[in-house]
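Structure record follows, encoded as structure tokens.
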Ligand SMILES: Nc1ncnc2c1ncn2[C@@H]1O[C@H](COP(=O)(O)OP(=O)(O)OP(=O)(O)O)[C@@H](O)[C@H]1O
Ligand SMILES: Nc1ncnc2c1ncn2[C@@H]1O[C@H](COP(=O)(O)OP(=O)(O)OP(=O)(O)O)[C@@H](O)[C@H]1O
Ligand SMILES: [Mg+2]
Ligand SMILES: [Mg+2]
């Protein structure tokens, strides 16, 4: 078996967009333009890039949540496109996603306990008691409480909802987690806590992460390798440390230089 | 220096449990043309405070007590009709989660145009031009006006909300994590746009963020919230460089550095609780 747990070759994805003065004409826009990536087992690959550069599209296409125009994705050496619907459903347990928009991805009519426990139920992992224990444990690890299981999504703050999405993905002990801006709504303390949790789980069960983030400080902490996207293309990739030290693309250099408060950041001691 | 907004011992609780205060007697003021950043713990009541000023608290929540004085008018005493006239025109808000406030079945051009028609009576070509202009100001090509919210990326949706909020050139802009989905280059462009409006219109901003880099760049004053209370407030220099409250000190110690060399270390809540008890005693 190869060292890559997830790999993708020559992914292409276009969207049809309404354009023109009255929106009657349409045009094709390439959201993914010949994108290839490889995720090493037990490692973290960050995807950074401008807003609209195709990161979330890449995430959804990798997990077959959205059809590709062309290209292939392999999980543990197996081509995902040739799996039957039932086989793909089985693999889902191991291929989890933390969505960029937490509220839109949580069913408003389900309680949090049911939302986080749903995957355990579907994949029949443990009996009811064990499932409940797993859910409680995971909620605690993302700084929520057992009492929160009885609440509905609208009763939480933005950052709390983001953590519900994290708990739902991680409770399944998957092999690959695609995290789309997973810590963007969290205060810096909880952000640190979640990043440490992701690292701990990686150590415990050799989890692999595809980590989409616009925050280069976060990427620096969590990722081994990084891919820089620009207008649907991968424009730069390599080890995080190398790219920070020697960005070859002007776009990457801008990203690094524009980190806010770089000069004036608070420096309490 | 004139005062634009003054919040006086505002408390918010679930309607079903009025004794469980989610926001606990908070008070602060915002001057004309200034920016106050609200920072603090996830779940500490920042968004609820912002929604209360907008008069948009959900029916399950209740404003238990307090006053919200805006241009010498107590907003908590206004009826829905009066509040609708102020909202979107004199006070506008960028919501934390774009998809909860964008209508999925209306084009984004239509949604940006709506407050312009309602409050300013813009129509026809003038309206079209203004919509195109607003989209371009937030870095979205004008031809995307025909797109629907689910055809946009996360950061593009957030920018549509920003365009909607500044459409009528409000005197008070409430921004709840407005740049969380934006990369630093687009974020810098948006912050510059807001700063220009601030200067040109003498606009004031109430800006909720977790990013202390942004706070350092834009704030005049900072309010720190923790468990429903304001634990500290003051000028940006005071709060960032000479924090007094143990929570503020602990929070600032978690700020990641640009080089990513500082180890990740969340707040030690056992230590913090002990410090707080010490303060209370
Ligand atoms: N359903 C759709 N129909 C048409 N265009 C779309 C659709 N979904 C996305 N797009 C466009 O494709 C491009 C890539 O979108 P994507 O969501 O992948 O960007 P992103 O890199 O995740 O951006 P962000 O950082 O803002 O979340 C954007 O220009 C977006 O407007
Ligand atoms: N409808 C509701 N019913 C009960 N509790 C609620 C409701 N809405 C919010 N809360 C609670 O009120 C508290 C404050 O929520 P708020 O959204 O103001 O937090 P926040 O400071 O904006 O946090 P974040 O940084 O995570 O967005 C949270 O603990 C939340 O769980
Ligand atoms: Mg995205
Ligand atoms: Mg909030």
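Values in this text are rule-based calculations from the coordinates and carry no lab data. Values in this document were obtained by computation on a predicted structure and should not be read as measured data. Reconstructed Cβ throughout: ideal geometry from the backbone, glycine too, with neighbour counts over all protein chains shown.
Simple spin-label estimate for residue B:56 and residue A:36 gives 4.7 nm between the two label positions (7 Å along the Cα-to-Cβ direction from each Cα).
Where does each of A:225, B:177, B:8 land when they are ranked from fewest to most other beta-carbon atoms within 10 angstrom?
Numbers: A:225 19, B:177 23, B:8 16.
The fewest-first ordering by Cβ neighbours comes to B:8, A:225, B:177.
Sort A:83, B:279, B:48, B:206 by Cβ crowding within 10 Å, fewest neighbours at the top.
Working: A:83 15, B:279 11, B:48 21, B:206 26.
Fewest to most other Cβ atoms nearby, the residues stand as B:279, A:83, B:48, B:206.
Give me the extension gain from residue B:280 to residue B:199: residue separation times 0.36 nm, minus the current Cα-Cα distance, reported in nm with one decimal.
Numbers: separation 81, 0.36 × 81 = 29.16 nm, distance 4.16 nm.
Separation in residues times 0.36 nm, less the Cα-Cα distance, equals 25.0 nm.
Rounded to the nearest angstrom and listed largest first, the equivalent-ellipsoid semi-axes of the range B:78-232 from its Cα gyration tensor are 25, 19, 15. Counting only alpha carbon atoms, the long axis of helix B:184-201 and the longest principal axis of chain B meet at about 80°.
Between residue A:3 and residue A:93, the modelled label-to-label distance comes to 2.9 nm, taking each label 7 Å out from Cα in the direction of the beta carbon.
Shielding by partners for A:192-200, please: the mean number of other protein chain Cβ atoms within 10 Å of each residue's Cβ.
Shielding by partners across A:192-200 averages 3.
Diffusion coefficient (Stokes-Einstein, Kirkwood radius over C-alpha pairs, 4 °C, 1.567 mPa s) for the protein assembly as shown: 53 µm²/s, rounded to a whole number. Over what distance in Å are the Cα centres of the range B:65-89 and the range A:21-67 separated? Answer, in whole Å: 44.
Each label was represented as a point 7 Å from its Cα along the Cα-to-Cβ direction; for residue B:65 and residue B:16 these points are 2.5 nm apart.
Our summary gives chain A a relative contact order of 25 percent, counting only alpha carbon pairs under 8 angstrom and 6 or more residues apart. Rounded to the nearest 0.05, the FRET efficiency derived from the C-beta distance between residue A:224 and residue B:29 at R0 = 51 Å is 0.60. Per residue, chain A reaches -10500 deg cm²/dmol at 222 nm when only DSSP H runs of four or more residues are counted, each adding -39500 (n - 2.57). Three principal axis extents describe the C-alpha atoms of the range B:101-169; from largest down they are 30, 22, 19 Å. Each of A:75, B:70 was scored by other Cβ atoms within 10 Å of its Cβ. Listed from fewest to most, they are B:70, A:75.
In chain B, the DSSP-assigned H stretches of four residues or longer account for a calculated mean residue ellipticity at 222 nm of -11500 deg cm²/dmol, using -39500 (n - 2.57) per stretch and the full residue count as denominator.
Please report, largest first and rounded to whole Å, the three semi-axes of the ellipsoid equivalent to chain A, where each semi-axis is the square root of five times an eigenvalue of the C-alpha gyration tensor. Display every interim value, and only then the final one.
Values: eigenvalues 170, 119, 81 Å².
After scaling each eigenvalue by five and taking roots: 29, 24, 20 Å.
Full extension of the segment from residue B:133 to residue B:76, taken as 0.36 nm per residue of separation minus the current Cα-Cα distance, would add 17.1 nm.
The calculated FRET efficiency for residue A:85 paired with residue A:145, based on their beta-carbon distance and R0 = 41 Å, is about 0.65.
Relative to the longest principal Cα axis of chain B, at what angle does helix B:108-120 sit, 0 to 90 degrees, rounded to 10? Orientation of helix B:108-120: about 90 degrees from the principal axis. Consider a paramagnetic label point 7 Å from the Cα of residue A:245 along Cα→Cβ; state which residues of the range A:27-52 have an amide N under 11 Å from it. Taking a point 7 Å out along Cα→Cβ of residue A:245, no residue of the range A:27-52 has its backbone N under 11 Å.
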